[in-house]
Every structure is written in structure tokens, then in C-alpha cells.
Amino acid sequence: MKVPFQDLYAQYLGLKLEIDSAIEKVIKNTSFIRGSDVDTFEEEFAKLLGLNHCVSCANGTDALYIAMKCLGLNGGQEVITSAHSWISTSETITQAGGKVVFCDTNPATFTIDPELIEQKINDNTVGIIPVHLYGQAADMDAIMALADKYNLWIIEDCAQAHLATYKGRNVGTFGDIGTFSFYPGKNLGAYGDAGGIVTNNKDFADWLELYARHGGKGQHTIEGINSRLDGIQGAILNVKLPHLKKWTRARRQIAHRYNQNLRNISQIEIPVEGSFNRHVYHLYVIKADRRDELMKSLKENQIETTLNYSRLLPFYPAYQYLGHSTSDFPNGISYEQRILSLPIFPEMTFEQVDYVSEQIRLFYR
Ligand SMILES: *Cc1c(COP(=O)(O)O)cnc(C)c1O
């Protein structure tokens, strides 16, 4: 049996008629950049989260950058974020004019450890960017308490966590601003790059809009950037959005089936869902003994797996200048060589889940 890591084409086939006609309509109307489909998507996505504003943009990396420009950063101000994420989270801190401060994670949930954040806060600290990694919310109560205590802003990186909740509330609604990616492989994905910035603060929303559109067409009240959502991407996202809840349920069911199948294999640890969290399993990540051998064995059995991510951010060449040693991030280092992302996508069948599980069991036998 062949099990791909994800199957975006299968998802397309299920929606083919609607997607094809949505694309055709955009072409017919020549509403290639922004347009009414994009307006509709912004409204519907904000509404789904229970927020007042969504400002679309070109991708999830821009969303982080624009959010940080909005909240304000100047040379030397420090922003604390997780050592374990995709590089967008940290590179945008630097690009927006700040200094990256990496914090270790909770090794059970892979999200930033609030107890370790506090010791990194100093007079130069202005904000924290928790990442809801793999689809699971960071510990938002503890993080918001730190924001209150030290007067810091919070940007939630929700790129992997559409409809994930913490204590029953959607991620992206806790911080000053939430940022989303609609990269094709994300839980809600376009057919190219796409991103969104959400907030309840009208002043922020106005500024985000202005900045992302060259400071306003014909106004140019400030210098901005060009970060827009294409009409075709907006139209596709509108077709897909009504299915997001169903897809999220499917991901959770697949994760539960994996959990049941794998929980008794002593050489692996299944993902931990925090008691206050609804994990949306953008990725299903296990910790495995002899990880690289297991990955190879699964590949030989036509099962595609990935590493998200194979190194903590501070140890890539781009952050060599920070001079970190592995003892700075003992938690992340403890699992970095053990994590493995198994296939998960809404269209995955239980038969496929069972096959992957069985191959893992056979590998350790
Ligand atoms: C995907 C992702 C981003 C960036 O999104 P793009 O749309 O690819 O620019 C940011 N943060 C995290 C955690 C991501 O997974």
C-alpha cells in the first residue's frame, strides 16, 4: 500500500466542480488581485474565529512581518519566540528590526515553555510570539499573564493551527494579533501562497491594511509594502473554508486511531494533547527510537514521512551569530533526533493509518 504524506490532489477531486468554476469566474471578471472573493474570505475567516478583522496578505511569513511592523520594533528591542519552529517566526523578527531571543520548549507538547520565558524578559523585551506548533495551542493563560505583568505584545503564530482551541477558545484570539498561513499544505490551504492577519483591534486592522497596500492606494500616508492575496486564491479559499470543520474532525479521528494503534509500542511516544487543548493535528509527530532507521524502513514500504523540523532554529547557520550551545535548549535537544511526522490528511483512510501503524510495529519487533 502506498501512503503519501498528504494528498492535495485527492482533496481537489472532491471539490473539482466548485473550484474550477470559482477559478473561471475570477478569470472572467479579471479580478486577479484582491477583489470581491478576497473581501468575502476576509469576512468569513474572521467570523469563523469570532474576531472582527482579517487582513489578507501574500503568505504567512508576511503576516508575521506586517504584524510586527504594526506593533512596533526598533533596533535592539527583543522578541522572545520558540527555538522549535519554522524559520518564518524568527526571521521576520530580525527583518522587522528586532532582536531574536529563542526560548526552549515543553518537551511533551513541543510548544514554548512559559516558565522559561520569564527569565529571558528584560527592559528591552517588547513582545512574545508563541507558535501553536503542529496544530496544538501553546499555554496561552501563562503567556498572557506574562504579557500583562511586563506590558508586552503577543503575536500568535497560528500557521499550523486553524481552529485549534485553548480552553474552548480559538487560537489567534488571545494575543494582540494572530497570523495565519494558507500555504497549500496547511490545514486550510490555497493553491499557491496566501496568508491572513487577524485582530479585534480596529486601529491595528486599519494600519495592517494600509501597510500591506503601499500605505493606501492614492494616499500613501506611509511607506508600506506589497502583500496582497490573489483573487484566484481568495476564490479557492472560499470554496474550501466551509469544509474546514469537517476536515479538522477527520484529522482528529486519524490521530486518535494512530494513538490507539501505537500507544503500546515502547520504543515510541505518541503526541500529547494538553488537557485544555483541541489539537488540530496539522502534523502527527511521534518521538521514536532509531528514528532515521524507522524513517528509512517506512520509505521502503512506500510510506512517506517528514522531519518538522530536523534542527532547532538556533543551530542553523543563520543563527550562529547568537552563539548558542545545546545546553541552552535541553528540552528541544532531547527530542530533536527522535521526532518523526507520520502521514496525516483529511482524506487518509483508516486502512492507511492501520498499515502505517503495522509497519511501525513490525520495524520494532
Ligand atoms: C508555514 C508557516 C509559516 C509561514 O507561512 P508561509 O505562508 O509559508 O509564509 C510561519 N510559521 C509557521 C509555524 C509555519 O508553519
All positions within segment 298-330 that are closer than 21 Å to Gln267 by Cα and surrounded by 19 or more Cβ atoms within 10 Å (Cβ to Cβ):
Leu298, Ile303, Thr305
Here's a check for you: in segment 189-207, which residue that is under 12 Å from the mean Cα position of the chain (by Cα) and crowded, with 24+ Cβ neighbours inside 10 Å is farthest from the ligand (Cβ to nearest atom)?
Gly196
Taking Leu15 as meeting all but one of (1) closer than 30 Å to Phe350 by Cβ; (2) within 16 Å of the ligand (Cβ to nearest atom), write down the number of the exception.
(2)
Quick one: what pairs do we get from segment 158-174, first residue more than 18 Å from Thr89 (Cα to Cα) and of a type in the set (D, E, K, R), second away from the ligand (no atom under 16 Å from the Cβ) and assigned to a loop (DSSP other than H, G, I, E, B), C-beta under 6 Å, 6+ apart or different chains?
Lys167/Phe276
For segment 263-315: of the residues being within 30 Å of Val100 (Cβ to Cβ) and among the acidic types (Asp, Glu), which is nearest to the ligand (Cβ to nearest atom)?
Glu273
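If you check Thr248, Thr306, which single one turns out to be at pLDDT 95 or above, within 22 Å of Asn331 (Cα to Cα) and hydroxyl-bearing (Ser, Thr, Tyr)?
Answer to the check: Thr306.
Return yes or no: is Phe315 touching a strand residue (DSSP E or B) at 6+ places or on another chain (Cβ under 9 Å) and either among the aromatic types (Phe, Trp, Tyr) or at positive phi (or both)?
Numbers: touching a strand residue (DSSP E or B) at 6+ places or on another chain (Cβ under 9 Å): no; either among the aromatic types (Phe, Trp, Tyr) or at positive phi (or both): yes.
No, not satisfied.
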Could you say which residue among Ala147, Ala194, Ala190, Ala137 is touching a strand residue (DSSP E or B) at 6+ places or on another chain (Cβ under 6 Å) and more than 18 Å from Asn106 (Cα to Cα)?
Ala147
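Are there strands (runs of 3 or more DSSP E) fully within segment 116-186 with at least 2 residues that are within 13 Å of the ligand (Cβ to nearest atom) and among the basic types (Lys, Arg)? List them.
Details: elements: 125-129, 153-157, 177-181.
In segment 116-186, there are no strands (runs of 3 or more DSSP E) which contain 2 or more residues that are within 13 Å of the ligand (Cβ to nearest atom) and among the basic types (Lys, Arg).
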Looking for whichever is within 16 Å of the ligand (Cβ to nearest atom) and crowded, with 24+ Cβ neighbours inside 10 Å here; the options are Ala58, Ala67, Ala96. Which one fits?
Ala67
Elements of type helices (runs of 4 or more DSSP H) contained in segment 1-81, each with 1 or more residues being within 20 Å of the chain's Cα centre (by Cα) and touching a residue at least 12 places away in the same chain (Cβ under 8 Å):
8-14, 36-49, 60-71
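The values are calculated or read from the model by the stated rules, or taken from the named source; none is laboratory data. Please read these numbers as outputs of a predicted model, since none were measured by experiment. Because the Cβ atoms are built from the backbone with ideal geometry, glycine has one as well, and the counts that use them run over all protein chains shown.
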